[in-house]
Amino acid sequence: MSDNQLIMGIETSCDETAVSIVKNGREILSNVVASQIESHKRFGGVVPEIASRHHVEAITLVIEEALEQANVAFEDIDGIAVTEGPGLVGALLIGVNAAKAVAFAHDIPLLGVHHIAGHIYANRLVEELEFPLLALVVSGGHTELVYMEEHASFKVIGETRDDAAGEAYDKVARTLSLPYPGGPHIDRLAHEGTATIDLPRAWLEEDSYDFSFSGLKSAVINTLHNAEQRGETIDPKNLAASFQESVIDVLVTKTVKAAKQYQVKQVLLAGGVAANKGLRAALEAAFLQMPEVKLIIPPLSLCTDNAAMIAAVGSVLYEKGKRSSYALNANPGLDIES
Ligand code: KG4
Ligand code: ZN
């Protein structure tokens, strides 16, 4: 790698307009995130049309801000990395077109990046990756165990068959009348309560690394409704604690099992739900028992959507000589293994 490789990352797959400049794949020079959460809150979730509109308004300003904070100009940038999918198509399109325009205008190589690869590579901004490794990806749209034998090579060994972990958190939070996004609120309540309510854990088949959270989500909703019908009240803190315990139990057990089977050197935690205090603590406790495996957990600012993680993947693609053409398009169903 050249001494001063500079990659600009652009991320607009959901409700954050984010641009970052990363040096040599690991050093963040700027990481600007314009969040739209306040605009979506009153609808209880992300409204795609509103997301696109905000991205259009913000993207140019966020790009300028990222360059300014990093104290660099377009002429210094070696590659423009952009999330091409998965995500909301209208939202992705804004980032992809902004990236293409900048790449074309300044003759800079264009690098299409998978959003989940980005979440995984957030860890490389914390510590150098060592292979083989396993990443537990837990976000609003994804729950996956990803095995990596080398840079930019991803094999999904387990994934959710229905709701993603974050989605289950958000739906349970909604049932408890908590604001969007609900994950952090459930996390907070869970720490104030006790797991007194017996909730299911979907282990699935003995040898499967897949996940399922819709049964658990329904069990929480049923527990609340049944209590309501009987005129009883359930302490939301205890319900949150019981739900969180069930989610974490399955995530940690399957991650530990896969780490052993695949004999990985590192386990990485990735995605918005990686901000969960209970999950972080449970993984730390589990891997304390396995000193041969290094657990990496990014700081909260790198767990939620950001563009530094996209630039981190872009850096690796750039080094590998991968380039996207100007035909690059938003791909909401992009496959990480392709
Ligand atoms: O990765 P992310 O920022 O966006 C997607 O790519 O989906 O993840 C957002 C998800 C939301 O479902 C949110 O509720 C969840 O991450 N989340 C949490 C916590 N913080 C964010 N879930 C549980 N506990 C948290 N502390
Ligand atoms: Zn994400």
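Laboratory data are not the source of any read-out in this text; all were calculated from the coordinates shown. Fair warning: this is a prediction, and the values are worked out from it, not measured in the lab. Don't worry about glycine lacking a Cβ; one is built from the backbone with ideal geometry, like all the others, and counts go over all protein chains shown.
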Convex hull (Cα only) mean projected area of region 191-254, reported in nm² to one decimal: 4.5
Using modelled amide H (1.01 Å from N, peptide plane; none on Pro or chain starts), what sits under 5 Å from the amide H of SER324, excluding residues fewer than 5 places away? LEU110, LEU111, GLY112
Please give the Cα centre distance for region 244-274 versus region 184-231, rounded to the nearest Å. 19
For region 247-338, which GluC sites (Glu not before Pro) are in a loop by DSSP, counting at most 12 other Cβ atoms within 10 Å? GLU292, GLU337
Just the ratio, please: alpha-carbon radius of gyration of region 219-338 over 2.2 N^0.38 Å, N its number of residues. 1.46
Semi-axes a, b, c in Å (a largest) for the chain, each sqrt of 5 times a Cα gyration tensor eigenvalue, come to 35, 24, 16
Could you tell me the calculated FRET efficiency between ARG201 and LYS294, based on Cβ-Cβ distance and R0 = 22 angstrom, to the nearest 0.05? 0.20
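Given N residues in region 23-179, what is its alpha carbon radius of gyration divided by 2.2 N^0.38 Å?
Normalised Rg, Cα atoms only: 1.16.
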Counting only residues 5 or more places away or on other chains, whose amide H sits under 5 Å from the amide H of LYS294 once H atoms are built in the peptide plane? GLN266, VAL267
In whole Hz, what ³J(HN,Hα) sequence does region 323-338 give by Karplus (6.51, -1.76, 1.60; θ = phi - 60°), x for Gly and Pro? 9, 9, 8, 6, 7, 3, 9, 5, 9, x, x, 3, 9, 6, 7, 7
Could you tell me how far the Cα centroid of region 54-119 sits from the Cα centroid of region 282-334, in Å? 16
In sequence order, what are the phi-derived ³J(HN,Hα) couplings for region 314-319 according to the Karplus relation 6.51 cos²θ - 1.76 cosθ + 1.60 with θ = phi - 60°, rounded to whole Hz, with x for glycine and proline? x, 4, 5, 4, 4, 4
Expressed to two decimals, region 1-69 has a Cα Rg over Rh, using the Kirkwood radius, of 1.08
Could you put THR143, THR233, THR255, THR175 in order, starting from the residue whose Cβ has the fewest other Cβ atoms within 10 Å? THR233, THR175, THR255, THR143
Too long at a 20 Å Cα-Cα cut-off: which of LYS217/LYS237; LYS23/LYS277; LYS254/LYS277? LYS23/LYS277
Quick one: plug the Kirkwood hydrodynamic radius of region 129-297 (C-alpha pairs) into Stokes-Einstein at 20 °C, 1.002 mPa s, and report D in µm²/s. 132
Through the Karplus equation 6.51 cos²θ - 1.76 cosθ + 1.60, θ set to phi - 60°, convert the phi angles of region 265-281 into ³J(HN,Hα) values in whole Hz; use x for Gly and Pro. 8, 9, 10, 10, 9, 8, x, x, 6, 5, 6, 5, 5, x, 5, 4, 5
How much length, in nm to one decimal, is gained on full extension between HIS151 and VAL126, taken as 0.36 nm per residue of separation minus their Cα-Cα distance? 7.4 nm
Restricting attention to the alpha-carbon atoms of region 220-275, what are Rg (one decimal) and Dmax (integer), both in Å? 16.7, 52
